[in-house]
1. Measure off 7 Å from each Cα along the Cα-to-Cβ vector at GLN168 and ALA55, then give the distance between these two points in nanometres to one decimal.
2. Could you tell me the calculated FRET efficiency between LEU130 and ASN84, based on Cβ-Cβ distance and R0 = 30 angstrom, to the nearest 0.05?
3. Report the calculated FRET efficiency for ALA44 and ASP120 (r = Cβ-Cβ distance, R0 = 30 Å), to the nearest 0.05.
4. Using a 1.4 Å probe on the protein chains only, how many percent of the accessible area of the range 123-170 belongs to carbon and sulfur?
5. What are the ³J(HN,Hα) values, in whole Hz, obtained from phi via the Karplus relation 6.51 cos²θ - 1.76 cosθ + 1.60 with θ = phi - 60°, for each residue of the range 53-67 in sequence order, with x given for Gly and Pro?
6. Which far-off residues, 5 or more places away or on another chain, put their amide H under 5 Å from the one on VAL153, with H placed in the peptide plane?
7. Can you tell me the order of 130-143, 93-106 when each peptide is scored by its average per-residue count of other Cβ atoms within 10 angstrom, highest first?
8. Counting Lys and Arg as +1 and Asp and Glu as -1, what is the net charge of the other residues whose Cβ lies under 14 Å from the Cβ of MET73?
Amino acid sequence: MKGYKRPLGHSSFPLTGKASSGARPQSRQGPKPMQPRLVAWSEAEWLAALPPVLATLGVPLDEAQQQRCAAYMGMLAHWNTTYNLTAVRDAPEMFTHHLSDCLAVLPPLARHLAERAAGDASAGVDGVRLLDVGSGGGLPGVLLAIARPDVQVTCVDTVGKKAAFIRQVA
């Protein structure tokens with residue numbers, strides 16, 4: 001086809017006069033790497049993982065509080081598969097990146113509240129309010145509310161599905 005010009009946007013492969021086989025050129029990129037299989041924990045596994053971390057952090061939670069933390073993490077992991085509440089989905093990563101990090105706030109919070117109470121005997125911890133803005137899946141607000149029932153915790157998020165999850169677990 002001498003003198004033939006292809007319209008813009010068409011393939012730059014030369015015309016051979018034969019019918020095209022329909023095969024496309026191979027991609028220059030290699031195969032996509034396999035995604036690692038995510039690990040999901042049961043509520044019992046969350047509960048079993050808590051005591052060593054609590055001991056290391058020096059956070060005293062009674063059995064009921066530990067049970068509520070484990071139940072919350074189980075619900076977060078379950079809802080996260082559907083509603084994308086957090087970027088972290090693997091249970092061991094959720095344990096270190098979410099649960100442990102949130103619980104690490106408790107000792108400094110306890111020191112602050114003790115200093116506040118010592119400085120103003122009438123203040124105490126009653127009436128202490130904590131606002132978790134951009135709470136996402138309720139981290140750290142829900143865990144702080146479980147660990148410190150004497151503190152009024154309010155979680156706020158503008159994303160409806162995240163706010164709905166927080167209402168569900170509250």
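The values are calculated or read from the model by the stated rules, or taken from the named source; none is laboratory data. The shown structure was predicted, so the numbers you read here are calculated from the model rather than taken from an experiment. Neighbour counts run over all protein chains shown; Cβ positions are idealised from the backbone, glycine included. Calculation scope for accessible area: heavy atoms of the full protein, side chains included, ligands and nucleic acids excluded. Shrake-Rupley method; radii C 1.70, N 1.55, O 1.52, S 1.80 Å.
1. 3.4
2. That gives a FRET efficiency of 0.70.
3. In this case the efficiency is close to 0.10.
4. Summing carbon and sulfur atoms, their accessible area is 53 percent of the total for the range 123-170.
5. My calculation for the range 53-67 gives 5, 4, 5, 5, 7, x, 9, x, 10, 6, 4, 5, 5, 4, 4 Hz in order.
6. Placed amide hydrogens put LEU130 under 5 Å from VAL153.
7. Going by the mean number of other Cβ atoms within 10 Å, highest first, we get 130-143, 93-106.
8. -3
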